[in-house]
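Q: Structure incoming, see below.
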Amino acid sequence: MTTRYTEDHEYIKMDGDIGTVGITAFAQDKLGDLVYVEQPKVGRKLAAKEDAAIIESVKAAAEVKAPVDGEVIEVNEAIVADPSLVNTDPEGAGWFFKMKVSNAAAVAALQDEAAYKAMIA
Amino acid sequence: MSETLSKTPLFDLHVSLGARMVPFAGYEMPVQYPPGVLKEHLHTRAHAGLFDVSHMGQVELHGADAAAALETLVPVDVIGIAPGKQRYAFFTNEAGGILDDLMIFNVGGYLHLVVNAACKAQDIAHLKSKIGGRCEVRVRDDLALLALQGPGAEAALTGVAVGLIPSVFMAGGRVKLAGIDCLVTRTGYTGEDGFEISVPNAHCEALAKALLAQPNVQPIGLGARDSLRLEAGLCLYGHDLDETTTPVEASLNWAMQKVRRTGGERAGGFPGASVILGQLDNPSSVKRKRVGLKPEGRAPIREGVEFQDSAGNKIGIVTSGGFGPTVNGPVIMGYVDTAHAASGTKINAMLRGTPTPVTVVGMPFAPHGYKRT
């Protein structure tokens, strides 16, 4: 499984052509306590950088964007019921949605972990 | 930003406590500590929180004529504030708008004012130019300000105090805390019982550490201060109040005593009196009102979001909005046309372009814990 990162602090964790999307630990820390999550609909086709989920923290509203082109195949309802999961386990139980990725090369073009860590350092 | 930020006497303490520092009203201030806004908010409501509000302005008015002079700038009964008592007030302009809101404490012999950080330079200039000839306007840059708030505040303050502490809401006096002479008032900006403590800059850190050493006292940042005051239905200047908002529109009639109103012994005589008294005398002339609102859903609705009626006409705007941790849901303060201001009225907030149902409700959103008797 490879994981890639966007400049907007989303991650996409690939398993075959299915990518699990969420926000990084760095992003959740900057946002503060999440209090509201609005997920995209299953079946929705997303273009790269398109707003997919809406999130609200105690401080601000933000969007989770699609890292690459693809179709939403599953959303994590657990974070809708308990948005704090995104704060406590952003890259585990606090994932947002799974998407069927249209073009694997687009994922490979995103930052790897070392590049992302250098960006936020 | 090329502007140099000021630091309060507690800057080093904030950093050592792991605070996230942000620029606020020209100061580097702690927006949150490691527990985060949500936990800090809930801690304050359950126990006690210590806030550094040293960025606020502290000004003294000295002289026999000080109270009468100040009455020429505020639509409030200042002469009637008994020694040892405090009162909420606001400076008005000629249009009846609000220049800033403030607290006036009659220390006994002089008045101690606390004004907003972002407005303090203009407030001081205003005081000096308008009433500087009638009383001495003494700026107390040498004083810091701490707020200790929450149901555990009394026990925590008692733990460091020698002698009596102010016993009821809006009372105050001199108290020796941790060996330091302080000016303490039983007031605050969270809706909870609590105190504001004026302390010399040089002793502020020692006092803060002594208070933080009391059981169940945690440092609280500006983030939770904002969610606490919003749940308490308290206005934030520059958002819920400004130069275009009259006190009547802002639903602050309670803060304007009878003696300054039409028919009162000292009616009028403050900037914008004709506008403000006109609105008080003829409530149907008031076009908009500040109200509380609650959304039906879970999504926070923030400052700047427009209200519409069912026909799609703009009927108001959100001036403060967010998630209320104690309410455990979103809460809104905003202005609506008077026709829609009655409690129970349902209107729409245009959240990301989508009409979202909200209902006008009474404030506060979380019950006040003031110690009134």
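Every read-out reported here was derived from the displayed coordinates using simple, explicitly stated rules and does not represent laboratory data. Remember, predicted model here, so these are calculated numbers, not experimental data. Backbone-built Cβ (ideal geometry, glycine too); neighbour counts: all protein chains shown.
Q: What's the ranking of B:315-325, B:282-292, B:103-113 by average number of surrounding C-beta atoms within 10 Å, highest first? Mind showing how you got there, number by number?
A: Values: B:315-325: 23.4, B:282-292: 16.5, B:103-113: 19.1.
The peptides rank, most packed first, as B:315-325, B:103-113, B:282-292.
Q: Would you mind pulling out the separation of the Cα centroids of region B:315-367 and region B:211-290, in Å?
A: The two parts, judged by their Cα centres, are 18 Å apart.
Q: Calculate the length of the line joining the C-alpha centroid of region A:1-27 to that of region B:44-111, in whole Å.
A: Centre-to-centre (Cα) distance: 53 Å.
Q: OK, next. When chain B is modelled as a GNM with alpha-carbon springs shorter than 10 Å, which of B:Gly57, B:Gly163, B:Gly80 fluctuates the most?
A: Evaluated over chain B, the most mobile residue of the options is B:Gly163.
Q: Something else about it: Amide H to amide H under 5 Å from A:Leu46: which residues, 5+ apart in sequence or cross-chain, H placed 1.01 Å off N in plane?
A: Here the answer is A:Gly70, A:Glu71, A:Val72, since their amide H atoms fall under 5 Å of that of A:Leu46.
Q: P(r) of the protein assembly as shown in 10 Å steps, Cα pairs, percent per bin?
A: Reading the bins upward from 0: 4, 18, 25, 24, 16, 8, 4, 1, 0.
Q: Another question, if that's okay. Once you charge only the Cβ atoms, +1 for Lys and Arg and -1 for Asp and Glu, what is the size of the charge dipole of region A:24-108 about its Cα centre, to the nearest 20 debye? Mind dumping the intermediate values first?
A: Details: 9 positive and 14 negative charges, 64 e Å.
Taking the Cα centre of region A:24-108 as origin, the dipole is about 300 debye.
Q: Whole-Hz ³J(HN,Hα) for each residue in region B:91-104, computed from phi via Karplus 6.51 cos²θ - 1.76 cosθ + 1.60 with θ = phi - 60°, x for glycine and proline: what do you get?
A: Residue by residue, region B:91-104 yields 7, 10, 10, 4, 8, x, x, 9, 7, 5, 10, 7, 10, 10 Hz.
Q: Take the alpha carbon gyration tensor of chain B, find the square roots of its eigenvalues, order them as a ≥ b ≥ c, and report rounded if a/c is under 1.5; if not, report prolate when a/b exceeds b/c, else oblate.
A: On the way: a/c = 1.75, a/b = 1.14, b/c = 1.53.
Oblate shape, in that a/c is at least 1.5 and b/c is the bigger or equal ratio.
Q: Once a ≥ b ≥ c are taken as the square roots of the eigenvalues of the Cα gyration tensor of region A:1-79, is the result rounded (a/c under 1.5), prolate (a/b larger than b/c) or oblate (a/b not larger than b/c)? Let's see the in-between values first.
A: Numbers: a/c = 1.82, a/b = 1.39, b/c = 1.31.
Prolate, because a/c is 1.5 or more and a/b exceeds b/c.
Q: Past 26 Å, Cα to Cα: identify those pairs from B:Lys120/B:Lys371; A:Lys49/A:Lys98; A:Lys45/B:Lys346, in the order given. Don't skip to the answer; put the middle values down first.
A: Numbers: B:Lys120/B:Lys371 29 Å; A:Lys49/A:Lys98 15 Å; A:Lys45/B:Lys346 35 Å.
Result: B:Lys120/B:Lys371; A:Lys45/B:Lys346 exceed 26 Å.
Q: Normalising by the residue count of region A:3-116, find the relative contact order in percent from Cα pairs under 8 Å and 6+ residues apart.
A: On the way: 266 pairs, mean separation 37.2, N = 114.
This gives 33 percent for region A:3-116.
Q: Looking only at A:Gly19, A:Gly43, A:Gly70, which one moves most when chain A is put into a Gaussian network model with springs between Cα atoms under 10 Å?
A: Its mean-square fluctuation being the largest, the pick is A:Gly43.
Q: Taking square-rooted eigenvalues a ≥ b ≥ c of the alpha carbon gyration tensor, is region B:253-361 rounded, prolate or oblate, where a/c under 1.5 means rounded and, failing that, a/b exceeding b/c means prolate? List each step's numbers first, then the result.
A: On the way: a/c = 2.99, a/b = 2.08, b/c = 1.44.
Because a/c hits 1.5 or more and a/b exceeds b/c, region B:253-361 counts as prolate.
Q: Please give the calculated 222 nm ellipticity per residue for the protein assembly as shown, where each DSSP H segment of at least 4 residues contributes -39500 (n - 2.57) and the sum is spread over every residue; nearest 500 deg cm²/dmol? Display every interim value, and only then the final one.
A: Values: 13 runs with 101 residues, N = 494.
Computed ellipticity for the protein assembly as shown at 222 nm equals -5500 deg cm²/dmol.
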